[in-house]
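Heads up: the structure comes next, in structure tokens.
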Amino acid sequence: MAEFEPVLTARWRTDGADTIDGYLRSGGYEGLKKALSMSPSDVIEAVKASGLRGRGGAGFPTGLKWEFTAKAQSTPKYVVCNADEGEPGTFKDRELLERDPHQLLEGVAIASHAIGCRTAFVYLRGEFLYAGRQLERAVAEAYDRGYLGRGIAGSDQDLDIVLHRGAGSYECGEETALLESLEGKRGQPRLRPPFPAVVGLYGAPTVINNVETLSAVPHILARGADWFAGIGPEKSTGTKIFCVSGKVARPGNYEAPMGTPARVVIDELAGGVPDGKRVKAWTPGGSSTPFLTDDHLDTPMDFESITAAGSLLGTGAVIVLDESDCVVDAALRFTQFYAHESCGKCTPCREGTWWLTKVLYRMENGGGRSEDVDVMVDVGDNMLFKNFCALGDGAVSPIHSSIKFFRGEYLEHVRVGGCPLRERPALGAAEPREAGVTGVVELGEVLR
Amino acid sequence: MAVLSDELRAKAQEVIDRYPEPRSALLPLLYLMQAAEGHVSREGLREAAELLGLTTAEVEAVATYYTMFKEAPTGRWLISVCTNLSCALAGGRRVFDRAVEAAGGQSDDGESGLTVEEVECLGACDAAPVVQVNYCNYDRVTEDEVAEMVERLRNDDVPEPSRGPKPVPHDATARILAGLGDDRG
Amino acid sequence: MSDNGRVTLTIDGQEVTVPAGTLVIRAAESLGIEIPRFCEHPYLDPVGACRQCIVEVEGQRKPITSCTTPVEEGMVVRTQHTSEMAHKAQEGMLELLLINHPLDCPVCDRGGECPLQDQALAWGPGESRYIDPKRVFRKPIPLSPLVLLDRERCVLCTRCTRFCEEISGEQFIEMFDRGAAQQVAIAPGEDFRSPFSGNTVQICPVGALTSETYRFAARPFDLKSADSVCPHCACGCTIRVDIRRGEVVRHQARDNPEVNDAWLCDKGRYAFRFPDRDRVTTPLLRVPGLEPASFAEVFGAIAERARGGRVAVLAGGRLTDEDAYALSKLARTAFRTNDVDHRLTGTQDVPLDVERAAAAGPGVTYRDLEKAGAIVVVGLDAREELPILHLRIRKAVRKTGARVFVIHPRRTALTDVAEHIPCRPGGEADVLEEIVAASGGDSAAARVTAALGEAGGSAVILAGPGLAASPGAVSMAVSMAQSLGARFAFLSRRAGDRGALRAGLHPGLLPGGRAVDDESERGEVEPLWGSIPGEPGRDARTILEAAARRELDLLYLIGADLRGDFPDAALADRALENVPFLVVQDISLGSEGQSADAVLPAAAFLEKEGHFTDWEGRGQRITPVRGPEGLSRPDWQIFQELSETLGADMGFSSLEALHTEMGNLLAPRSVSISPGGSRREPRPEAEGLELFTYPLLVDEGRLSVDADELKAALGTDSFVEVNPGDATRLGLAEGNEAVVRTEAGEARLPVRVSAGIVEGAAFVPYNQRGFRANVLLSGTTRAMATVEPATAAVEAAG
Ligand SMILES: Cc1cc2nc3c(=O)[nH]c(=O)nc-3n(C[C@H](O)[C@H](O)[C@H](O)COP(=O)(O)O)c2cc1C
Ligand code: SF4
Ligand code: FES
């Protein structure tokens, strides 16, 4: 791995790379100049040829998405950067914003040129105060140096970027909920079709891309689609930032080629599980992606291979549990997260996460019944793919996967009437935490 | 008695003008109300509604959806402890319990100026367990450290965060979140 | 896609062809396949929230919601009947909906007519696998004096909030919070003050929203019901009347895409008690007090007075088409007079042609509004006067992007979707004239002309009933329609008005709008009626003046609330005092009845068979839910029997006989309106403000007796509304008392200051708690008035 030379994270270690001077010194905005010298359709072709796929979780081909929007008849058109990073275990976008904000702005500018957008938006997670500060400064610098505003980079293109902060809702990362939120509404998802590429922000054709996705774009333009396509396997090209956390010696963001084996990411890059403990379970791409086990450590970290292994690459957020951790407790904490973040619009997610939270809590704290295990599997079945959006589907992942691989541990909970691995820290909340607890208390109506 | 000062009212208009459609300004406007009062009061909701020509119900529907809008009075120092899995694996839950204990409860008693909340993944799992004070990050916080932080904040003695400038009080933070600019040193 | 925009697909093995864009759930219905659903509602946009309607579509990896998915050519759909997956999905969804649903069906108003309960019984699991605590909310919270909310029962389908957003545009209730804590809520301290609030109760698929008027009132199985039409206004909403032990307990909307869609206004829904209050149940004669008598005795007394005497007939707005027709014939053939009128609203500056056309048959329809590119509303406060028309205009804007202009002295509730063109009361004709003259520029007038131009023949001009009080305005609206190629409708106000006009309860018109003084047209009626006096009769006002001068021997009032309705209280009183013999036929006595010499008890609308004709000219059937109260009878029967006593048998042995004759004379005729044009004399330069008035939706009208919850929720005390400019000029302040003076009289009213009303005008609602505006009027709904602070008035008095 050592010889691999980072791309998106290259500037992270150099001081001042987050300022426009530092950025320009290290070849910044070359990609944009290149793009502006090309026709929009050629830019789109380049991105298509690079094989770049969305890094926000769904892995949709970026060039294709741009093409849909470019082809859509109506105007104006918008580019929206999804910087709402909320998937548990994921922290790459935040660091990209804090350490190299111009890289993102350049990507946004290129996307805007490609689809013909005059006003772009960055939807930033509200809790990212420092990232917001960095981004605001970068935007000011870019206006100052003519990379934003009228005639960007000496071209005849105008571009304004509006920074919009969220206010605490994971669901607002879902692209249609994000648009609702950006329009000043509750962050609940919209029916699809029509897709945002055709009917998006204010009903206009809209490209929505993740921070990491857009941050890769300047390099594709500057160094060529073939170079990018040459990295990683054929269907999952380029480099990927893996966010490794949990029971590893050196948690952090590690950029590596797509298809790098999980073992390399966990053991070599992140220093492996401390105290010579074994990997018990891990998520390839955040809480919404099914747990895998130490049997899957040789799986290459790319969209196809991870899917084949029965999970999803998601955001590339690797959360590691070791043998001393309780999967029931972990599943409980994840489920409490989904219950808290469920937008409430659709029945299966709203009621299903409520139900599962209650059962898992009983399991972990005594009061579990052996039939509960199958009830949870079935409730999961009744939710899966029947939810309005993917949040509810994601909520099923920890349930189904943990029961699939660790049913014995669940039954053990029933047998001993509680958690057999009382080597705390406890993961799940101390008492049942229902969705929107704060809200309810403030509305002063729910009695439980 | 209007919630927004003349100064903030002028800012409100700037915020509205930022967007192609006025309603997009609702989230920033609610932050403005929070900047004025430390939380979003009934009057704040009504004023936001009137600024955008919405009904109060429409605005409250939005305000109650998002966790960062506080409808109840909130302490000068909002201490958010992440207890999602990565942080919990590093003891986040005990850090939270300890913070609550040190602050003498979760909600501001009006005296302490402290509010403690348990929050979902803050996107900084490499630094677990993570604590935020008015959305400024403190990395790898131990139980004892959180207890000490709480004590210092009680006396407005603000600890140096892991990145970026020191946090400012909750209402001043809301100004930044409303997009009025981050003029912290 | 297949030919002419139709699509063929297979559902549960059956082929069906439907218009492209049809939703799968609808296509299934067309085959009689019912897919369970909660959030879906045919008149609301698809939302796909409850996920109950899941079906399987061949070749699709994931299940789909049939309420959000349009059909596709060759699609193969499997519902719960043929797909194991769909069946399990629906069972699972129902179980999820029930885990937090209380088990209080036995005490729930919806019990017995609840989709959730029905499905749970049909194929919900015997006992739940959910053993943990349920979500608990405080039990029902009032959203208004009319509507209560029980959040525990709510399935969060958002039908109610979507109704408020999409249909009424009055967003008092919203979804608050999120996840399992999401709940329907209202901003604390506010009331659900929408005159359409009751619709949310009717479309709630469970018992979460309930009506104060119906709480614990009845169970579906002890209700008796009949289809009818709302008796309140000319909108013609089709309703179902529910009675329990003979008493009305509920009005509900009947689905009717031609007229009211699935909606009612709160007045139509909640003002239902009048048929059960202060009814007259037997004929009465004055001897000298009013004493019970037989019909024969009363008929005899009438005959005696009528013989050779001067008789006039005035009808109110609540008669059915049948009643009106029989009365029209009775007046002409038995009383031999054309002194008959139903227009009790004073001076009417309406070209006869316009009334002839309206009487001749149907015209503009609700549907036409949805096809209209542009709609001009003049002289109408739609939400207050014709609420369902108000909703249809909003629908036209939302569904087909119609451009709407409202010409009115007050900003109306359409303003959020229309361009409001302010105009001084009585000044409508001037504004209309400007529009006709306008060419280019971006004046409001020019915008209207342009919009009408673009809309071509589809454009519609709606003239409110109140416009008749504005000199030359109706005829100017006609000429505007004619010169700009738009369609024109002169709207009626009350449920019986258009039917009365069609029947000829008009001094100059016979059935079908045939002119009394036109030989040939009269000649079309005489074969059936016998000879008819050829001189046009006197209108309501002239009749009352005659009565007041004792130039009348008998005045016959049928369902006419003269003291209330006529815009000259003093004249009404003088007429009633001076007429030697007053006959009142009504369902309740009322103040006219008190001073009557003979009273005839009429059956209420829900006790008889017949029709009401709405503003469109559409006749719709009403059927009895119970028999007439006491000895009361349908008005037409009383007229028939009276005609026999008067020796002029009308020959209506049965309703069928009556219908056959009506069929002959009321078959739609085409009447062309001769070019309108404004015949206005310059208005006298008078001092003060131009006072104008019209009834608000929720008022003290007779049919609203005991509608206490309705009035508590939506009523207001009387007031006088002025523009801020005038307020400052005259020293009037919001809430303070003012003295309003006209040549007719004076009144003390609380002041409302509103930028919504034009300068130089003063608005007083016609009939609110505490005050009836006709005290201030002299035969028309307009008057010059002085308005001054009460205090000043006192000082002036010394
Ligand atoms: C519940 C939920 C949360 C999501 N959160 C994020 C997020 O925080 N950031 C993000 O980029 N995408 C998120 N997504 C994915 C977006 O919907 C969308 O696919 C993505 O932003 C598209 O950008 P990309 O093609 O560059 O990945 C989320 C999706 C779901 C269902
Ligand atoms: S799955 Fe349903 S409830 Fe959950 S977030 Fe999506 S729409 Fe909302
Ligand atoms: S009826 Fe289809 S989702 Fe509710």
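Mind checking the dipole of the range C:327-383: about its Cα centre, +1 per Lys or Arg Cβ, -1 per Asp or Glu Cβ, Debye to the nearest 20?
Values: 8 positive and 8 negative charges, 59 e Å.
Using Cβ point charges on Lys, Arg, Asp and Glu, the range C:327-383 gives about 280 debye.
Please average, across the residues of A:90-101, the number of beta carbons from any other chain that are within 10 Å of each residue's own beta carbon, and give a whole number.
Working: counts 4, 10, 2, 1, 5, 3, 0, 0, 3, 0, 0, 0.
Average neighbour count from other chains, rounded to a whole number: 2.
Over chain B, with a Gaussian network built from C-alpha contacts below 10 Å, which listed residue (B:Thr83, B:Thr74, B:Thr55) shows the highest mean-square fluctuation?
Result for chain B, Cα springs under 10 Å: B:Thr55 fluctuates most.
If each residue's Cβ is checked for other Cβ atoms within 10 Å, how do A:Met38, C:Met93 rank with the fewest at the top? Kindly include the intermediate steps, with their values, before the conclusion.
Numbers: A:Met38 16, C:Met93 26.
Going from sparsest to densest Cβ surroundings: A:Met38, C:Met93.
At 20 Å minimum axial length over the Cα atoms and a Kyte-Doolittle cut of -1.0, report the qualifying DSSP H helices in chain A, or say none. List each step's numbers first, then the result.
Values: long enough: A:101-115 (22 Å, 0.67); A:129-144 (22 Å, -0.44); A:327-341 (21 Å, 0.20); A:347-364 (25 Å, -0.61); A:370-383 (21 Å, -0.11); A:390-416 (35 Å, 0.08).
Taking the DSSP H segments of chain A (at least 20 Å long, mean hydropathy at least -1.0), we get A:101-115, A:129-144, A:327-341, A:347-364, A:370-383, A:390-416.
Taking the Cα atoms only, what angle lies between the long axis of helix B:26-37 and the longest principal axis of chain B, rounded to 10 degrees?
Value to nearest ten degrees: 70.
Beyond a 24 Å Cα-Cα separation, which of these cross-linked pairs lie in this structure: A:Lys240/B:Lys166; A:Lys240/A:Lys277; A:Lys345/B:Lys70? All intermediate terms of the calculation are to be shown ahead of the outcome.
Working: A:Lys240/B:Lys166 32 Å; A:Lys240/A:Lys277 27 Å; A:Lys345/B:Lys70 22 Å.
With Cα atoms farther than 24 Å apart: A:Lys240/B:Lys166; A:Lys240/A:Lys277.
In whole Hz, with x marking every Gly and Pro, tabulate ³J(HN,Hα) for the range C:529-535 from phi via Karplus 6.51 cos²θ - 1.76 cosθ + 1.60, θ = phi - 60°.
3J(HN,Hα) across the range C:529-535, in whole Hz: 9, x, 5, 10, x, x, 7.
Taking other Cβ within 10 Å of each residue's Cβ, how do C:Asp497, A:Asp226 sort, fewest first? Intermediate results must be reported in sequence, preceding the final value.
On the way: C:Asp497 29, A:Asp226 11.
Going from sparsest to densest Cβ surroundings: A:Asp226, C:Asp497.
In terms of modelled amide H atoms, which long-range or inter-chain residues lie less than 5 Å from the amide H of A:Gly246?
Amide H neighbours of A:Gly246, under 5 Å, 5+ apart: A:Val320.
Partner chain Cβ atoms within 10 Å, averaged over the residues of A:351-361 - can you pull that number for me?
Numbers: counts 14, 6, 2, 10, 8, 0, 2, 5, 4, 0, 1.
Mean partner shielding for this stretch: 5.
Relative to the longest principal Cα axis of chain C, at what angle does helix C:655-666 sit, 0 to 90 degrees, rounded to 10?
The angle comes out at about 80 degrees.
If the limit is 32 Å between Cα atoms, which of C:Lys62/C:Lys395; A:Lys65/C:Lys62; A:Lys280/C:Lys134; C:Lys139/C:Lys711 go over it?
Values: C:Lys62/C:Lys395 34 Å; A:Lys65/C:Lys62 22 Å; A:Lys280/C:Lys134 35 Å; C:Lys139/C:Lys711 25 Å.
Table pairs above 32 Å Cα-Cα are C:Lys62/C:Lys395; A:Lys280/C:Lys134.
What is the set of long-range amide H partners of C:Gly779 at a cut-off below 5 Å, with H atoms built 1.01 Å from backbone N?
Close amide H contacts, sequence-distant or interchain: C:Asp568.
Once phi is turned into θ = phi - 60°, what whole-Hz ³J(HN,Hα) does the Karplus curve with 6.51, -1.76 and 1.60 give for every residue of the range C:94-111, x standing for Gly and Pro?
4, 4, 5, 5, 8, 4, 10, 9, x, 9, 9, 3, x, 10, 8, 4, 7, x
So, with +1 on the Cβ of K and R and -1 on the Cβ of D and E, and no other charges, what is the size of the charge dipole of chain C about its Cα centre, to the nearest 20 debye? Could the numbers behind the result be given before it?
Numbers: 87 positive and 114 negative charges, 220 e Å.
Roughly 1060 debye for chain C.
By count of other Cβ within 10 Å, fewest leading, how are A:Tyr361, A:Tyr254 ordered?
Details: A:Tyr361 21, A:Tyr254 26.
Sorted ascending by nearby Cβ count, the order is A:Tyr361, A:Tyr254.
Enter the angle in degrees (range 0 to 90, nearest 10) between the Cα long axis of helix B:92-103 and the first principal axis of the Cα atoms of chain B, meaning the one along which they spread out most.
Between the helix axis and the principal axis of chain B, the angle is about 80 degrees.
Dipole of the range B:1-160, Cα-centred, from +1 at each Lys and Arg C-beta and -1 at each Asp and Glu C-beta, to the nearest 20 debye? Let's see the in-between values first.
On the way: 14 positive and 30 negative charges, 69 e Å.
Value, rounded to 20: 340 debye.
Report, as an integer, the average count of C-beta atoms from other chains found within 10 Å of each Cβ along B:123-136.
On the way: counts 18, 7, 14, 14, 4, 4, 1, 1, 0, 2, 0, 1, 6, 2.
Average per residue, whole number: 5.
Suppose only helical runs count, i.e. DSSP H with n ≥ 4. What mean residue ellipticity at 222 nm does that imply for the protein assembly as shown under -39500 (n - 2.57) per run, divided by all residues and rounded to the nearest 500 deg cm²/dmol?
Values: 50 runs with 492 residues, N = 1431.
Helix-only estimate at 222 nm: -10000 deg cm²/dmol.
List the residues whose amide H sits under 5 Å from the amide H of A:Lys240, counting only those 5 or more places along or on another chain, with H placed 1.01 Å from N in the peptide plane.
It is A:Ala256, A:Met258, by chain and number.
Which is farthest toward the positive dipole end of the range B:45-184 among B:Ala147, B:Ala128, B:Val168, measuring Cα position about the Cα centre, with Cβ charges +1 (Lys, Arg) and -1 (Asp, Glu)?
B:Ala128
Mind ranking C:609-618, A:328-337 by how tightly packed they are, going by the mean number of other C-beta atoms within 10 angstrom, highest first? All intermediate terms of the calculation are to be shown ahead of the outcome.
Details: C:609-618: 23.9, A:328-337: 28.0.
So the peptides C:609-618, A:328-337, ranked by packing, come out A:328-337, C:609-618.
What are the ³J(HN,Hα) couplings of the range C:399-415, residue after residue, when phi is run through the Karplus curve with 6.51, -1.76, 1.60 and θ = phi - 60°? Round to Hz, x for glycine and proline.
Here the 3J(HN,Hα) series is 8, 10, x, 4, 8, 10, 10, 10, 9, 7, x, 10, 6, 9, 6, 8, 3 Hz.
Coordinate-derived values only; no laboratory data. The model shown is predicted, which means the values in this text are computed figures rather than measured ones. All Cβ positions, glycine included, derive from the backbone under ideal geometry; neighbour counts span all protein chains shown.
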